[in-house]
Every structure is written in C-alpha cells, then in structure tokens.
2 protein chains.
Amino acid sequence: MVTDSEVPADGTIQLLWGLRDGPTRGPKPVLSLERIAQAAVDIADAEGLAAVSMQRVAADLDFTKMSLYRYVTGKDELVAAMIDLAAGDPPVVAELPGRTWRPRIEAWVRLLGEAWDAHPWLPWVTMGDRVMGPNETGWTEASAAILAETGLSVPERMALARMLGGHVRATMSVSTAGTQPWVSRRQAALLEEHADRFPVLVTMLRDGEPDPPDNGREFGLRLILDGVERLIAERTS
Amino acid sequence: MVTDSEVPADGTIQLLWGLRDGPTRGPKPVLSLERIAQAAVDIADAEGLAAVSMQRVAADLDFTKMSLYRYVTGKDELVAAMIDLAAGDPPVVAELPGRTWRPRIEAWVRLLGEAWDAHPWLPWVTMGDRVMGPNETGWTEASAAILAETGLSVPERMALARMLGGHVRATMSVSTAGTQPWVSRRQAALLEEHADRFPVLVTMLRDGEPDPPDNGREFGLRLILDGVERLIAERTS
DNA sequence: AGCCAACTGTGTCCTATAGATACTGTTTCC
DNA sequence: GGAAACAGTATCTATAGGACACAGTTGGCT
C-alpha cells in the first residue's frame with residue numbers, strides 16, 4: 001500500500017479501462033474485479049477505509065486473501081478500482097437543468113457532492129498523482145463541457161473544474177478539511193484558555209452563529225462562480 | 001497509525017499545547033519532543049511520508065524505537081507534532097502588506113502556500129477531525145483577523161478561511177488534487193484512445209495552452225476574492 | 001479422445017509496521 | 001540513604017501486504 005504520492009503503474013490503467021486481456025484456458029474465474037471492488041467499497045462505506053484489508057475483503061467474499069491477487073496486482077489497484085466504482089456514472093450534461101453554464105455547473109457540483117458524500121473515504125484515497133478511471137474521467141468531461149461556454153482559456157477552465165472538485169471534497173459532511181466546522185468542543189475550550197493569544201477567534205467563537213449544515217458548500221460555490229462571472233464580464237467589455 | 005478519521009485523544013492536545021507536566025524525579029530526558037518531531041519532519045520532507053516510521057525516526061536520532069514512546073503515546077501524536085512544527089510560525093497581521101483585507105488575505109494565502117509547499121506531505125496528514133496546534137491556530141487567527149474587516153458573518157468568514165486553506169492545499173506544487181495539472185502523459189494517451197467518449201477533453205488537450213506553473217493558485221484566489229467583493233458590494237448597497 | 005499448457009484458488013512463508021510489557025539503570029525527594 | 005519515579009532498552013506480539021509453490025481445473029491442439 002502506497003501512502004505517498006507515486007506514479008501509478010501501467011497495469012492499473014489497463015485494469016481501470018478494461019484493457020486486461022482475459023485468459024482463454026484454465027478454470028472459470030469465480031470472482032471478478034467488480035465483485036471485489038464492490039465488497040471493498042461496502043466495507044469502506046460501513047466501517048471506514050481502515051477496515052479495508054485484503055484479508056477482510058477476501059473474507060467477506062468467502063475467499064482467501066491471495067485469491068484477490070489474481071484480479072488485482074496489489075492493494076493500490078484495488079483502491080483505484082474502488083474509486084472509480086464509488087465515483088459512479090457521471091451526469092449527462094444535456095439533462096442538467098438550466099440553459100447557461102452557471103446553473104449547470106451548480107447542478108454538477110451538487111451531484112458530485114451527493115456522490116462523494118456517500119463515500120466519505122474518497123478524499124483520503126484520491127490524493128496525489130493518479131490515473132483517473134472512466135467514471136472519474138466522465139465527471140471531468142461533463143464539467144469541461146459545461147465550462148466550455150464560459151469562454152475561459154483551457155487551463156483556466158481546468159483549474160476551475162479542479163477547484164470545484166476540491167471544494168466538494170473540502171465541504172464533505174465528514175469534515176475532510178484541515179480545520180473543523182469550524183471548531184470542535186475541545187478546540188473551543190482550548191481557545192478560551194488561550195484567549196490572549198487568539199482574541200479574534202475567541203470573540204468569533206463567543207458571538208458567532210452556528211455553522212450552516214452544508215459546511216459552506218453553497219456559500220463557497222457562490223463565491224467562486226461570482227468570481228467567474230466577474231472575470232467573464234471584464235473580458236467581454 | 002490511524003488512516004481513518006478519528007477524534008483525537010486528550011493526550012494529543014496536551015502534547016501540542018505543552019500541557020504535559022514534566023516529571024521531577026528520574027533520569028534527565030536526553031531526547032525531546034522537538035527533536036523527535038524535527039527528525040520526523042526532515043525524513044518526510046526528504047523521502048516522503050511513507051519513510052516516516054518509528055523505527056526510522058529513532059534510528060536517525062540514534063535511539064531505539066521504543067524510546068520515542070516516552071515522549072509520544074503513538075504515531076498519531078508524532079504526526080500531530082510534525083504538523084504543527086511544519087506549519088511554522090504564523091505571520092503577524094500588522095506586518096502584512098496593504099491596508100485593506102484583500103491584499104492582506106492574498107499575502108496570507110501566499111505565505112501559507114510557501115509554508116506548505118516546503119512540506120508536500122502535509123495534505124495527507126491534515127485530513128479528518130483533528131485538534132489544531134498553536135501554530136496552526138495562529139494561522140487561523142491571522143486569517144480571521146484579516147477577514148473581520150469584510151463584514152461577513154462569522155460562519156461565512158470561517159468558511160472562507162477554510163476555503164482558502166483548502167485552495168492552497170489543492171494547488172500545491174506536488175499535485176494533491178484528485179486530477180492532474182491537468183493531465184499526465186498516460187492520461188492524455190488514454191483520452192486520445194477514447195476520443196469518442198470524451199470529445200471535449202480531447203479537444204482541450206489538443207489545442208490547450210500549457211498549465212500555469214502555480215497550478216492555478218493565483219487564478220483561483222482571484223476568483224474567490226472577486227466573489228467576496230461582489231458579495232460585500234451587494235450587501236452594502 | 002487425450003494430453004499439455006494455461007489458468008484459478010489455496011497454503012505457507014517472509015518482511016515491515018505499530019505497539020505492549022518487563023527489564024536495567026539513573027535521578028531526586030523524603 | 002533508601003525508595004519511588006523516571007529514561008531508555010530488549011523482547012515479543014499482532015496485523016498488514018505480498019512472494020511463491022502447489023493442487024486442481026479447463027480449453028486448445030494433435
């Protein structure tokens with residue numbers, strides 16, 4: 001298992017994109033990549049990513065650990081398969097509501113949010129250099145199609161798409177951001193104790209309203225897209 | 001080691017905030033939390049997070065693995081100490097350039113970016129529910145102080161601060177975002193092969209200019225802050 | 001029809017990891 | 001000056017991913 005950033009092997013690509021040529025002879029495979037990945041996703045959804053071990057996945061399928069290695073070269077590949085399975089089918093752009101880019105990309109963000117919120121472990125596993133699978137690429141394609149209308153440059157559009165994906169990630173229900181939503185009980189107590197060092201935070205803590213239930217997803221989305229609109233307006237004038 | 005989100009123990013708080021009461025009797029401690037954390041940070045900076053094991057950290061200090069457990073209850077605490085050490089001293093708000101919130105928060109983002117870019121492993125380790133140490137809290141305090149001027153509500157200000165931190169994280173030089181900056185060689189080849197399924201991406205790939213060297217950090221920063229300005233303008237009118 | 005090569009799934013072994021526990025020796029307070 | 005409290009060590013355990021050799025199964029070729 002690679003915890004660090006690492007260039008994925010070619011094998012992973014073949015796996016994700018169905019380029020592995022199936023064998024002709026030999027016993028019929030009883031397992032399948034799909035079943036394995038699904039079992040792993042189920043475990044991760046229910047008990048967290050840490051519960052996903054080769055042993056555990058195999059046990060849930062009533063097979064031995066080593067049998068999984070016939071379908072997957074290692075845990076990294078399993079995780080890659082999990083990711084694309086969890087990402088799910090991307091939305092069809094033509095079916096998105098609205099006729100301009102803004103409502104459509106808003107819908108895209110909300111759908112992506114729903115998909116990701118169902119798999120709180122995704123952020124932990126979608127970091128670093130990776131190769132996207134078909135589903136993930138489909139999501140990217142959808143966003144790119146929507147944003148083509150903005151007239152932004154290609155790098156700008158991709159930066160924006162990445163940004164929106166990152167925003168979804170940072171506003172997941174299971175807080176994945178570095179800081180809390182926005183302070184835990186413990187953190188609050190700690191701030192009170194050091195009120196002299198952090199006067200602004202303590203004041204905010206005392207008279208601030210509670211957090212929005214969406215972790216600021218809609219708020220941040222609005223900020224970004226307002227910024228995009230302003231940029232477009234500046235350029236067209 | 002906890003790979004999953006987990007509420008940190010009280011002990012970690014005491015460690016980070018210097019609340020651990022030092023012993024009076026017994027031999028003088030030769031090691032120190034600072035030395036241990038620094039050694040771990042050095043390893044992570046040089047060889048990546050995966051190279052940081054108790055064994056390795058201890059070896060670099062010429063001690064046995066188990067001696068570290070006198071200063072740290074486990075690897076989680078070590079990582080927590082690494083984070084606050086790597087975050088470094090927050091900037092002094094009064095010394096930031098500019099007289100309004102915008103140039104100041106821009107400077108804050110750039111400084112945070114520099115601090116984080118020096119420690120590419122930080123994103124991997126600053127996910128999930130955590131308790132912030134003094135340094136990290138100091139960075140948050142600084143951003144909160146700067147954004148107080150905006151007139152946004154408390155949750156809005158904190159959401160914005162979190163967002164900016166997340167933006168820095170998502171635009172680190174070592175790509176930490178889910179998607180590449182924006183496509184790797186391999187991914188590009190794959191797209192070409194499936195040009196029918198991803199027409200928009202393939203077109204962008206063909207006639208797009210190269211990516212900006214900053215991964216779109218400045219671009220995204222501008223979008224967000226433009227959005228903030230528009231929000232403020234709407235409310236004051 | 002039969003045989004061999006290719007394959008699936010299993011059992012065993014190896015390495016690295018975090019950590020528990022019992023120890024040896026040192027320091028300081030009573 | 002003695003005993004409690006501590007620092008660092010040595011040894012052991014559990015769990016992880018994964019290598020490797022094997023037994024049984026299947027299809028293609030002669």
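The values are calculated or read from the model by the stated rules, or taken from the named source; none is laboratory data. Because the structure is a prediction, the values reported are computed rather than measured. Don't worry about glycine lacking a Cβ; one is built from the backbone with ideal geometry, like all the others, and counts go over all protein chains shown. Only protein heavy atoms, including side chains, enter the accessible area calculation; ligands, DNA and RNA are left aside. Shrake-Rupley method; radii C 1.70, N 1.55, O 1.52, S 1.80 Å.
Starting from region B:23-34, keep only residues that are touching a residue at least 60 places away in the same chain (Cβ under 8 Å), then list their pairs with residues that are more than 9 Å from DNA strand C (Cβ to nearest atom) whose Cβ atoms are within a distance under 8 Å, requiring at least 6 positions of separation or different chains.
none
Specify which of the listed residues (B:ARG110, B:ARG99, B:ARG56) is within 16 Å of DNA strand D (Cβ to nearest atom) and open to solvent by 30 Å² or more (accessible area, probe 1.4 Å).
B:ARG56
Any residue in region A:220-232 that is in a helix (DSSP H, G or I), at pLDDT 95 or above, more than 9 Å from chain B (Cβ to nearest Cβ) and surrounded by 15 or more Cβ atoms within 10 Å (Cβ to Cβ)?
Taking every residue of region A:220-232 in turn, at least one turns out to be in a helix (DSSP H, G or I), at pLDDT 95 or above, more than 9 Å from chain B (Cβ to nearest Cβ) and surrounded by 15 or more Cβ atoms within 10 Å (Cβ to Cβ).
Here's a check for you: in region A:59-74, which residue that is near DNA strand D (Cβ under 8 Å from one of its atoms) and over 21 Å from A:VAL131 (Cβ atoms) is surrounded by the fewest Cβ atoms within 10 Å (Cβ to Cβ)?
A:MET66
List, please: which pairs have Cβ atoms under 6 Å, are six or more places apart or on different chains, and start with a residue in region B:198-214 that is over 21 Å from A:PRO91 (Cβ atoms) and end with one that is outside any helix (DSSP H, G or I)?
Listed by first residue and then by second, the contacts come to B:ASP211/B:PRO181.
When you scan region A:178-219, how many residues do you find that are of a type in the set (D, E, K, R) and in a helix (DSSP H, G or I)?
8
Could you pull out the residue among B:GLY151, B:GLY166 that is out of contact with any strand residue (DSSP E or B) (no Cβ under 9 Å at 6 or more places or on another chain) and either at pLDDT below 95 or within 9 Å of chain A (Cβ to nearest Cβ) (or both)?
Selected residue: B:GLY166, the only one of B:GLY151, B:GLY166 that is out of contact with any strand residue (DSSP E or B) (no Cβ under 9 Å at 6 or more places or on another chain) and either at pLDDT below 95 or within 9 Å of chain A (Cβ to nearest Cβ) (or both).
Checking A:ALA144 against (1) surrounded by fewer than 20 Cβ atoms within 10 Å (Cβ to Cβ); (2) touching a Leu at 6+ places or on another chain (Cβ under 7 Å), which single condition isn't satisfied?
Result: A:ALA144 passes all but (1).
Residues in region A:124-140: is at least one of a type outside the set (Val, Ile, Thr), modelled with pLDDT of 95 or more, within 16 Å of DNA strand C (Cβ to nearest atom) and surrounded by fewer than 22 Cβ atoms within 10 Å (Cβ to Cβ)?
Taking every residue of region A:124-140 in turn, none turns out to be of a type outside the set (Val, Ile, Thr), modelled with pLDDT of 95 or more, within 16 Å of DNA strand C (Cβ to nearest atom) and surrounded by fewer than 22 Cβ atoms within 10 Å (Cβ to Cβ).
How many of the residues making up region A:110-129 are facing chain B (nearest Cβ under 7 Å) and over 15 Å from A:LEU164 (Cβ atoms)?
4
Quick check: anything in region B:21-29 open to solvent by less than 20 Å² (accessible area, probe 1.4 Å) and either under 27 Å from A:GLY128 (Cα atoms) or not acidic (Asp, Glu) (or both)?
no
Would you mind telling me which numbered condition in (1) more than 21 Å from the chain's Cα centre (by Cα); (2) open to solvent by less than 10 Å² (accessible area, probe 1.4 Å) A:GLU77 fails?
(1)
Where residues in region B:133-164 are among the hydrophobic types (A, V, I, L, M, F, W, C) and touching a residue at least 60 places away in the same chain (Cβ under 8 Å), which of them is farthest from A:TRP121 (Cα to Cα)?
B:LEU152
Check region A:177-197 and report whether any residue there is at pLDDT below 85 and over 23 Å from B:ALA144 (Cβ atoms).
Within region A:177-197, not a single residue is at pLDDT below 85 and over 23 Å from B:ALA144 (Cβ atoms).
Out of the residues in region A:1-40 meeting the condition of being away from DNA strand D (no atom under 12 Å from the Cβ) and over 15 Å from A:VAL72 (Cα atoms), tell me which one is modelled with the highest pLDDT.
Checking each candidate, the answer is A:VAL7.
For the condition in contact with a Leu (Cβ under 7 Å, 6 or more places away or on another chain) and open to solvent by 10 Å² or more (accessible area, probe 1.4 Å), what is the one hit in A:TRP121, A:TRP116?
A:TRP116
If you check every pair at least six apart or on different chains, which have Cβ atoms under 7 Å apart with a residue in region A:49-78 that is away from every other protein chain (no Cβ under 14 Å) first and a residue that is within 6 Å of DNA strand D (Cβ to nearest atom) and of a type in the set (A, V, I, L, M) second?
Listed by first residue and then by second, the contacts come to A:LYS65/A:MET54; A:LEU68/A:MET54.
When B:ARG162 is evaluated against the numbered criteria (1) more than 12 Å from the chain's Cα centre (by Cα); (2) in a helix (DSSP H, G or I); (3) closer than 24 Å to A:ASN215 by Cβ, which criterion, by number, is the only one it fails?
(1)
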